[in-house]
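Trainee: Structure below; questions to follow.
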Amino acid sequence: MRIALATFLAALALPAAAQQPPALEPLPDAPPPPIIEGEEVEPEVTIVKKGEDTVEEFRIHGKLYMVKVTPPHGTPYYLVDRQGQGTLERMDTLEPGTSVPMWVLKRW
């Protein structure tokens, strides 16, 4: 009985052992990122301490477009100029369309 079982298991394992992995070819090197000459790619960031809050101001070409305020306790929030008119709107996250779920779980 044991010999028959061992032979059966060996017969099942033989096709799996005979399979060869496909020949893999190396991927070509990725092209370098485009270089924009004469343009500032990274924003200018100014970090200021106002009271206990840390304020990071983000500018491109000298124009303020976002402010990140990090209080000592709690989560940071953002003030973003969405339309480029100088009006900053508060956002709790930078991902558009996301909001914190506010379901009522229990009332007293």
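Trainee: Would you mind ranking 65, 77 by Cβ crowding within 10 Å, fewest neighbours first?
Mentor: Taking fewest neighbouring Cβ atoms as first place, the list is 77, 65.
Trainee: Give me the Debye-computed log₁₀ of I(q)/I(0) at q = 0.17, 0.18, 0.23, 0.31 Å⁻¹ for region 44-91, equal point scatterers on Cα only, no solvent, two decimals.
Mentor: Log-scaled intensity ratios, in q order: -0.48, -0.54, -0.81, -1.14.
Trainee: Would you mind ranking 29, 53, 81 by Cβ crowding within 10 Å, fewest neighbours first?
Mentor: Fewest-to-most Cβ neighbours within 10 Å comes out as 29, 53, 81.
Trainee: Right, another one. What is region 44-91's relative contact order, in percent, from Cα pairs under 8 angstrom and six or more apart in sequence?
Mentor: Value for region 44-91: 25 percent.
Trainee: Could you name the lysines in cross-link range of residue 50, using Cα to Cα under 29 Å and dropping any fewer than eight places away on the same chain?
Mentor: In chain and number order, the partners are 63, 68.
Quick note: the coordinates plus some simple rules give every number you see, no bench work behind them. On a predicted model such as this, the values are computed, not experimentally measured, just so you know. FYI the Cβ positions are ideal-geometry reconstructions off the backbone, even for glycines, and counts take in every protein chain you see.
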